[in-house]
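Since the structure comes first, as structure tokens, the remarks are kept for the end.
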There are 2 protein chains.
Amino acid sequence: MTSVMSDMLTITELARETGITARAIRFYESKGLLTPRRAGTTRIYTHRERGRLQLILRGKRLGFSLTDIGEYLDLYDADPTQHDQILLLLDKVNSRIEELKSQKVDLDDTLKELTSVREQALAAMQEASAQAIRA
Amino acid sequence: MTSVMSDMLTITELARETGITARAIRFYESKGLLTPRRAGTTRIYTHRERGRLQLILRGKRLGFSLTDIGEYLDLYDADPTQHDQILLLLDKVNSRIEELKSQKVDLDDTLKELTSVREQALAAMQEASAQAIRA
DNA sequence: GGCTAAGTTGACGTAAACGTCAACTACCTT
DNA sequence: AAGGTAGTTGACGTTTACGTCAACTTAGCC
């Protein structure tokens, strides 16, 4: 099965494009993270769903649960004309920004440490080869 | 049960200190991530194990699996006098650095987007209140 | 209009990371 | 030495995020 219009993908096409399985995509839908249109019974993925899927995958790479990612996606299509929706949105955005900032601290610390481990390993090798030459 | 020497903690003390459960700590041990000494049957946690536990928790915050974290911990106590161990070590460190760097890109992108979402929400609120004044 | 490949919906299985008893054992205190 | 508090080892339960059939429709092609 292959779709006619460009920008309209079938589930296997989308799966191949993103490197995940069709099963996973259906699972995300069952969790409410995706809501593709249908052509009869067949799911049709357009630009919007592809974007959302990219956000889902990035969220996963960052270690968030699908539930977290669901809330995160809601931030994007919240109605900006509703005053209290905006306030709620701001709250969520702010707290997530704080989460990510502290995650960034962890990440930077770990990167520094690993870099230092590498330096030490390299130094140990230099020392070993220097001894071999002296021998 | 409470330990005499400072720097020597029992499992519940360590649990309280780190905010995780004793069950989790035992679980990490069963996975080989911790190897506390024993006083009889009771586990004794010293400076070394506490450091390792911090690394475990940070790894978790970064979204790594316990298996990943196990390999990561091995990097710290690899024998630096073994030449090929060092090479292996360097390989692992380098690939993990690459992982973390790409994770950092994801993180920065997400932070930028969320900040922009926040700006837009704030702008929408300004607009709404401005209209209220004009009315 | 019939075949085959692709898509769909359940139902069940699974791995990771613990939580939750249960049944003991070991300490420390009085 | 008796009792309560902590600690220990299984064993089983649970949630998340899918994988894996199985049994059916559906769609496009000749």
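The values are calculated or read from the model by the stated rules, or taken from the named source; none is laboratory data. Keep in mind that what you see is a predicted model, and the values were worked out from it rather than measured. Cβ atoms come from the backbone with ideal geometry, glycine included; neighbour counts cover every protein chain shown. Surface accessibility is based on the protein's heavy atoms, side chains included, excluding ligands, DNA and RNA. Shrake-Rupley method; radii C 1.70, N 1.55, O 1.52, S 1.80 Å.
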Residue pairs qualifying under the 6 Å Cβ cut-off, at least six apart or on distinct chains, with the first in region B:33-49 being over 11 Å from B:T10 (Cα atoms) and in contact (Cβ under 8 Å) with a residue 24 or more places away in the chain and the second being within 12 Å of DNA strand D (Cβ to nearest atom) and open to solvent by less than 90 Å² (accessible area, probe 1.4 Å), are B:E49/B:L34; B:E49/B:P36
Return a yes/no flag: does region B:106-118 have any residue that is open to solvent by 80 Å² or more (accessible area, probe 1.4 Å) and not assigned by TED's automatic domain parsing to the domain that holds B:A15.
-> yes
Taking region B:50-63 on its own, how many of its residues are away from DNA strand D (no atom under 16 Å from the Cβ) and more than 18 Å from B:T10 (Cβ to Cβ)?
-> 5
Considering region A:74-93 alone, what residues qualify as being within 17 Å of A:K31 (Cα to Cα) and crowded, with 16+ Cβ neighbours inside 10 Å?
-> A:L75
Single unsatisfied condition, A:T35 versus (1) in a helix (DSSP H, G or I); (2) within 15 Å of DNA strand C (Cβ to nearest atom); (3) more than 14 Å from chain B (Cβ to nearest Cβ) = (1)
Single condition A:I56 does not satisfy, out of (1) surrounded by 18 or more Cβ atoms within 10 Å (Cβ to Cβ); (2) modelled with pLDDT under 95 | (2)
Condition check for A:E99: under 19 Å from the mean Cα position of the chain (by Cα), outside the structural domain of A:D7 (by TED's automatic domain parsing), open to solvent by less than 80 Å² (accessible area, probe 1.4 Å) and within 16 Å of DNA strand D (Cβ to nearest atom) = no
Subset of region A:59-73 (residues that are open to solvent by 30 Å² or more (accessible area, probe 1.4 Å) and part of a helix (DSSP H, G or I)) | A:K60, A:R61, A:L66, A:T67, A:D68, A:E71
